[in-house]
Amino acid sequence: MHLELRGITKRFPGVVANDAVDLVVEPGQVHGLLGENGAGKSTLMNILYGLYRADEGEILVDGQPLELDGPGDAIAAGIGMVHQHFMLVPVFTVAENILLGVERTHQLGRLDRARSSREVRELAERSGLPVDPDAIVEDLAVGVQQRVEILKALYRDARLLILDEPTAVLTPQEADDLFEAIRGFTAEGRSVIFISHKLREHRAIADRISVLRRGRIVGTADPRTATEQELANLMVGRPVELVVDKPRAQPQDIVLDVTNLVVQDLAGTTLVDDVNFEVRRGEIVAVAGVEGNGQTPLVRALTGLETILSGDVTVSGVSVTGRTRKDVLRAGVGHVPEDRAHDGLVADFSVAENLVLNLWDAEPFAKHATLQFREIDAHAKRLVEAYDVRTPSTATPAGSLSGGNQQKLVVAREFDRPIDLLVASQPTRGVDVGSIEYIHRQLVAKRDQGTAVLLVSSELDEVLALADRVAVMFHGRLVGPFPMPVSKEAVGRMMAGADPDEVLSGEPR
Amino acid sequence: MTDRHEDDPAGDPAESGPVALSEAEVARQEIEAAKEREAAITHLEPGAGFGKRFVAAVTGTSVLVTILSFVAAIVIGGVIIALTEPAVREAFGYFFARPGDAFREAWDVVSAAYVALFRGSLGGRAQISETLVSATPLILTGLAVAVPLRAGLFNIGAEGQLIAGGMLAGLVGFSVTGLPLVVHLPLAAAAGIAGGWVYGWLPGVLKARTGAHEVISTIMLNNIARLVTAWMISTTLFRRPDRSDPISKSVEASAQFPRFVDGLRVNTSLLMALGLAVFVFWLVERSTRGFELNAVGLNARAARAAGMDPDRTVIRAMATGGALAGAAGAALILGLQHRLTIGFSAGLGFDGITVALLGRGRIGGTVAAGLLFGALRAGGRSMQAQTGTSLDLVLVIQALIIVFIAAPGLVRAIFRVKADDLATGQVAKGWGS
Amino acid sequence: MKTTRRMFAAAVVGALVLTACGDAPEEETPDAVEEPEATDEETEGDPAEEEPTEEPAEQTDFRGCLVTDQGGVDDQSFNQTAWEGMVRAEQELGITADVLESTSEADFEPNIQEFVTQGCDLIVTVGFLLGEATEAAAQANPDQNFAIVDYAYDADYDNLRELVFGTEEAAFLAGYAAAGTTESGIVGTYGGINIPPVTVFMDGFLAGVRYYNQENGTDVQVEGWDGSDGLFTGNFESQDDGRNFTDQLLQAGADIIMPVAGPVGLGTAAAIEDFGSGMIVWVDTDGYESTQYGALMLTSVMKNMDVAVFDSVQAAVDGNWEGGLVVGTLENEGVGLAPFHDFEDTVPQEVRDALDGLRQGIISGEISVDPADYS
């Protein structure tokens, strides 16, 4: 499909979300749309999908103007969209979800399940997106659910597929599978609009990149020649430092000591399997690994959110095994949770309230069971200033800040307390480039103040950039930590389960 | 190399030339964007259940929408008054022959009813007294619903908690004798509050420990309270010794809330209600417990991650709600009725749900809504007496208010309130899925 | 979305246009314009409006006023029956009838006070719940006449009439008739709540059955009431409960059932329809006329509260007012047994013949209606 957007403008009260956007997508092309959160990518795509109506501008498909009165029109015109949040019926099967609205029926309207199932299976195989048509959607992994969404669009014969942040929910392996499938679509002559704020992915899959900033296209680039640095600068609007500049670590005494730690889920499956390691004051130990290999339960167990089945965790020589979350936090542990929206913030609480979320009943923020709003607000003003949280005021609900600033809020709260150990889990996930840069600097600064830092990240680049020692989790077991430098290839192989002795023997020490 | 649009304000960072977009400018833009979102976004965790979405929709409703809901309900109520009046219907029958008649008839009927409603609630000392009398238990049951609502819980059980509180307050009120007022009245009132506390604590524990949904358990507990009351009042423990009607003994004078003025029914239970409202305001809006309560209600996972105990907070919220409903029972029995009968609760606990919703779960709002509903009740009686408009109209208006508040999109559509366009879309979508 | 809204609006407007094409009344007839003032005085849903009758014989400026309990005037029970008596007085005696409905206990006092202030000539209150409020009002306003339905005081007041009913007398006759008619030898009953206004029906019924057994040497059993305890639904609302209780009684072999629980009894009728056989003894009103299950009604124990209210109004209008206790009995037809209607031929002749004698015996006091007097 040849798609052209001409002068698309969309205004919301008080803000121009898209400002005279021109965009051309050639048949068989993967067109990357790059921009920070809030740059207007989703608005533009919702216009293209018929969910919003543009205030100005026109959409041309194969040279013909297209009028969109809703997603139905877009689908009819061959445009399919996979949203960031899936639009699936959890209790329906894969085939039922895919055929929803275009059901295959016998006479009298009885569903023809066998035929539905067969058609979906064929489509899945042809498209390189294997999925069991009869599985119930809510039982499937997120990555597989995404395939169902894509198949839904393909089944409706989408000639242009919009993928909105498709890799945000995927493991690196799943992302690679997705890229493979995308190449298959373009080989058939379909076009893809690929939305992401991750530079690397654009370079890996896009044929052409358009960069959106503040609602405007600020540049287009050829991914083969453009460097990540150039793209980042274009996206943010100023030079960005991608490499973390850090002095050599000065490790001191042991703060976190984990011995024979075992965690199981309710069904008795072992999630963390006999893990031993320690983190010293003044060093960053980074844990790499493909997501789902036990990093999440490990962090939850260390920070008092998960029951420890056996083994021991001590912080500064004091055992925190079996203690409540509150005890662990007050024992000098800072935690930047991986799921900011769920665990890190109360979106409807103000910035000030979120900044005392885990100190709400401690002096000086509370006296005689009464909140001391003056103290709380003064504290908030100081932290907002110190940690460069961009907010209209300290009374603004945290949920209205950008993702990066929400994360800075969490970082400010956790870093500012007197802590000996900092556990940061996926601290830059869903965060714009400018904030990533900032958070990385803060982690190093915290290390240099003499805090023990445990960083868990599925972003290999992040791990390698920040770690003083690196460990890898695979199937609940932890290998390492090994002192840096360790090569990216070596860590990658250990993430896939390779024996560390073998891998590291070839490494230059 | 990157192509570049000529109007790109950023200059060419690849050559590390002068950066047009300064750091300060970026910060300013981020702040602007946050302001926009602050005005527009209703926050909900993805995958929030119906109850959460309902609570969020209610507590997230703006003051404007709340007032407009009330206005819309009054207007529709007026249409109903007009249409149920035979003379108006008759006049509409020949509408095209003489349209003025129809409108005059309708106007006369509706305005007469509403004037009576207004005069009956605020028209004089006695009327204001009646408004306050009706408002006292409504304020308390409203708070009984509002406090758990802030913790994300929907307390349908205020009715049962009110019954439990009233029964206990009454029991202490008539079976203990010989005490002075300063001892007996607080004792009886405390018994009522304790009865409601226990009756609210129970579904809280069931929710926290076993996951039993509070809506279901409180509905069931309402039934239990109602039936147990019916039985207990017939027992010799409660029943008047000289009569066989299911009416309890009368509360001793020493356990009755004294009236302010002879001849007016408004009594000191109003002071208890307002005092508790002030306490609850502190508890919910100013105390550390309230901080936990709100955090758990808005995001239980984040509350737990911050070191709070959501289970205990749920129990506390329900018990507090129960205690407030129990206080309503005490106010009713010790302040007004002075005896227990089957059905003495008269649905006040259920009205509390409407009051809390109209008050958007806020403490001040709930007190105001309680006063408003008290006025509607007192005025409704007078309207019935003077214009013959059925008392059920007041119930219709109450029900319409709930409908409009529960569906804020409807109000926005009717009145074309623009500002919250986006938020409505999100909430409405959430409801459908 | 928008289109549907427009279509809906068009349909509504269309409907309004179609219904609004009537002719205007002549400008000279002022009635249509005057009417709202007239109706303002009256009550909504006032049956008098719906069934306009011939002009009352003579207009008086007497106002009869009724205060209901929480049930309201459309409760299909005693509030409604009492109101019907008031309406009849409006039609036949030319008085003005008004009503105030209470929604809770808190309404009783102000509602009565409202009528006192408005200057009603007679204020009738309905039900034992209003007992204290009515007594207090009568004491405070010695020149105001009151009557209360279904409640008696220890003390008597000149301005307060207590309208109570010897329901057990009529229920006795029903019990006797049921015992004489049953084929299975088992009759059943159940109540709403175990309180005297309910159990007097069951006591009389039980006494009637026992008297029949004693007279005829039979052994007809009563299921559901033994003189002190029995079957009670616990409410006066749930027809499902009525259905369940009736199924239980039918399973036990009862073929005639007397539900004493207001509208719950309709569940009994539904259950008997499903079961295919059985008869009902209705209470309060003649169920043959007041329900849609006339074909199942053996008879009814009538508590003529409308008559009592009407008589009180008449006494006040005629100047024959007397306060104190007024008991509705078989003798003064305050209570009675309804005709057998469709079952005229089912009830044995000798039973029907015996009823008249029994009625006389009860009136004269020769026959006791207390079940404890029979074994």
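The values are calculated or read from the model by the stated rules, or taken from the named source; none is laboratory data. The model shown is predicted, which means the values in this text are computed figures rather than measured ones. Backbone-built Cβ (ideal geometry, glycine too); neighbour counts: all protein chains shown.
Structure data summary
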{"read-out": "Where B:ASP245 falls short, out of the listed (1) out of contact with any helix residue (DSSP H, G or I) (no Cβ under 9 Å at 6 or more places or on another chain); (2) assigned to a loop (DSSP other than H, G, I, E, B)", "value": "(1)"}
{"read-out": "Matching residues, region A:251-272, being crowded, with 18+ Cβ neighbours inside 10 Å and within 13 Å of A:ALA301 (Cα to Cα)", "value": "A:LEU256, A:VAL258, A:LEU261, A:VAL263, A:GLN264, A:LEU271, A:VAL272"}
{"read-out": "Condition check for A:ALA341: among the small types (Gly, Ala, Ser), part of a loop (DSSP other than H, G, I, E, B) and either touching a residue at least 40 places away in the same chain (Cβ under 8 Å) or under 20 Å from A:GLN426 (Cα atoms) (or both)", "value": "no"}
{"read-out": "Those residues of region A:467-491 which are out of contact with any Pro (no Cβ under 9 Å at 6 or more places or on another chain) and at pLDDT below 85, in sequence order", "value": "A:MET484, A:VAL486, A:LYS488, A:GLU489, A:VAL491"}
{"read-out": "Complete set of residues in region A:336-364 that are surrounded by fewer than 20 Cβ atoms within 10 Å (Cβ to Cβ), more than 7 Å from every other protein chain (Cβ to nearest Cβ) and over 15 Å from A:ASN405 (Cα atoms)", "value": "A:ALA362, A:GLU363, A:PRO364"}
{"read-out": "One residue from B:LEU348, B:LEU371 being away from chain C (no Cβ under 14 Å), aliphatic (A, V, I, L, M) and closer than 30 Å to B:LEU83 by Cβ", "value": "B:LEU371"}
{"read-out": "Members of region C:71-98 found to be in contact with a Phe, Trp or Tyr (Cβ under 6 Å, 6 or more places away or on another chain) and either within 14 Å of another protein chain (Cβ to nearest Cβ) or under 21 Å from C:ASP150 (Cβ atoms) (or both), listed by number", "value": "C:VAL73, C:GLY85, C:ARG88, C:ALA89"}
{"read-out": "Single residue of region A:301-319 satisfying the filter (under 15 Å from A:VAL279 (Cα atoms) and assigned to a loop (DSSP other than H, G, I, E, B)) that is nearest to the chain's Cα centre (by Cα)", "value": "A:THR303"}
{"read-out": "All positions within region A:190-246 that are of a type in the set (A, V, I, L, M), assigned to a helix (DSSP H, G or I) and within 11 Å of chain B (Cβ to nearest Cβ)", "value": "A:LEU231, A:ALA232, A:LEU234, A:MET235, A:VAL236"}
{"read-out": "Flag if B:PRO137 is within 12 Å of chain C (Cβ to nearest Cβ) and within 16 Å of B:THR320 (Cα to Cα)", "value": "yes"}
{"read-out": "Among (1) away from every other protein chain (no Cβ under 12 Å); (2) surrounded by fewer than 20 Cβ atoms within 10 Å (Cβ to Cβ), the one test that B:LEU264 misses", "value": "(1)"}
{"read-out": "Residue among B:THR229, B:THR218 that is buried (at least 17 other Cβ atoms within 10 Å of the Cβ), within 17 Å of B:GLY343 (Cα to Cα), among the hydroxyl-bearing types (Ser, Thr, Tyr) and under 27 Å from the mean Cα position of the chain (by Cα)", "value": "B:THR229"}
{"read-out": "Identity of the residue in region A:216-238, within 23 Å of A:ASP461 (Cα to Cα) and among the hydroxyl-bearing types (Ser, Thr, Tyr), that ends up surrounded by the most Cβ atoms within 10 Å (Cβ to Cβ)", "value": "A:THR227"}
{"read-out": "Options B:LEU293, B:LEU227, B:LEU283; residue that is facing another protein chain (nearest Cβ under 10 Å) and over 30 Å from C:SER228 (Cβ atoms)", "value": "B:LEU283"}
{"read-out": "Conditions (1) touching a residue at least 24 places away in the same chain (Cβ under 8 Å); (2) within 13 Å of A:TYR155 (Cβ to Cβ); (3) surrounded by fewer than 18 Cβ atoms within 10 Å (Cβ to Cβ): number failed by A:VAL120", "value": "(3)"}
{"read-out": "Residues (part of a loop (DSSP other than H, G, I, E, B) and more than 24 Å from B:LEU283 (Cα to Cα)) located in region B:362-391", "value": "B:GLY388, B:THR389, B:SER390, B:LEU391"}
{"read-out": "Hits in region A:465-493 - residues which are part of a helix (DSSP H, G or I), without any contact (Cβ under 8 Å) to a residue 24 or more places away in the chain and not basic (Lys, Arg)", "value": "A:GLU489, A:ALA490"}
{"read-out": "Qualifying positions in region C:348-373 - surrounded by fewer than 18 Cβ atoms within 10 Å (Cβ to Cβ) and part of a loop (DSSP other than H, G, I, E, B)", "value": "C:PRO348, C:GLY365, C:GLU366, C:SER368, C:ASP370"}
{"read-out": "Flag if A:ALA288 is at pLDDT below 90 and closer than 26 Å to A:LEU170 by Cβ", "value": "yes"}
{"read-out": "Scope region B:290-318; condition surrounded by 23 or more Cβ atoms within 10 Å (Cβ to Cβ) and under 13 Å from B:GLY204 (Cβ atoms); matching residues", "value": "B:LEU293, B:VAL296, B:THR313, B:VAL314, B:ARG316, B:ALA317, B:MET318"}
{"read-out": "Among residues of region C:107-139, those that are surrounded by fewer than 24 Cβ atoms within 10 Å (Cβ to Cβ), assigned to a loop (DSSP other than H, G, I, E, B) and at pLDDT below 90, counted", "value": "1"}
{"read-out": "Long-range neighbours under 6 Å by Cβ, at least six apart or interchain, first residue within 12 Å of chain B (Cβ to nearest Cβ) and in a loop (DSSP other than H, G, I, E, B) within region C:140-164, second surrounded by fewer than 17 Cβ atoms within 10 Å (Cβ to Cβ) and at pLDDT 90 or above", "value": "C:ALA152/C:LEU325"}
{"read-out": "Filtered residues of region A:123-141 (kept if surrounded by 15 or more Cβ atoms within 10 Å (Cβ to Cβ) and part of a helix (DSSP H, G or I))", "value": "A:LEU123, A:ALA124, A:SER127, A:VAL137"}
{"read-out": "Which numbered condition C:TYR151 misses (of (1) at pLDDT below 90; (2) touching a Phe, Trp or Tyr at 6+ places or on another chain (Cβ under 6 Å); (3) closer than 24 Å to B:MET383 by Cα)", "value": "(3)"}
{"read-out": "A:VAL410 being out of contact with any Cys (no Cβ under 6 Å at 6 or more places or on another chain), crowded, with 24+ Cβ neighbours inside 10 Å and touching a residue at least 40 places away in the same chain (Cβ under 8 Å)", "value": "yes"}
{"read-out": "Any hit, region A:450-466, residues being surrounded by fewer than 21 Cβ atoms within 10 Å (Cβ to Cβ), of a type in the set (Val, Ile, Thr) and farther than 26 Å from A:LEU170 by Cα", "value": "no"}
{"read-out": "Any hit, region A:98-107, residues being part of a strand (DSSP E or B) and either within 29 Å of the chain's Cα centre (by Cα) or touching a residue at least 12 places away in the same chain (Cβ under 8 Å) (or both)", "value": "no"}
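Yes/no per residue for (1) within 23 Å of C:ASN244 (Cβ to Cβ); (2) among the hydroxyl-bearing types (Ser, Thr, Tyr); (3) touching a helix residue (DSSP H, G or I) at 6+ places or on another chain (Cβ under 8 Å):
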position: C:ASP158; (1), (2), (3): no, no, no
position: C:GLU162; (1), (2), (3): no, no, no
position: C:GLY185; (1), (2), (3): no, no, no
position: C:ILE193; (1), (2), (3): yes, no, yes
position: C:GLY227; (1), (2), (3): no, no, yes
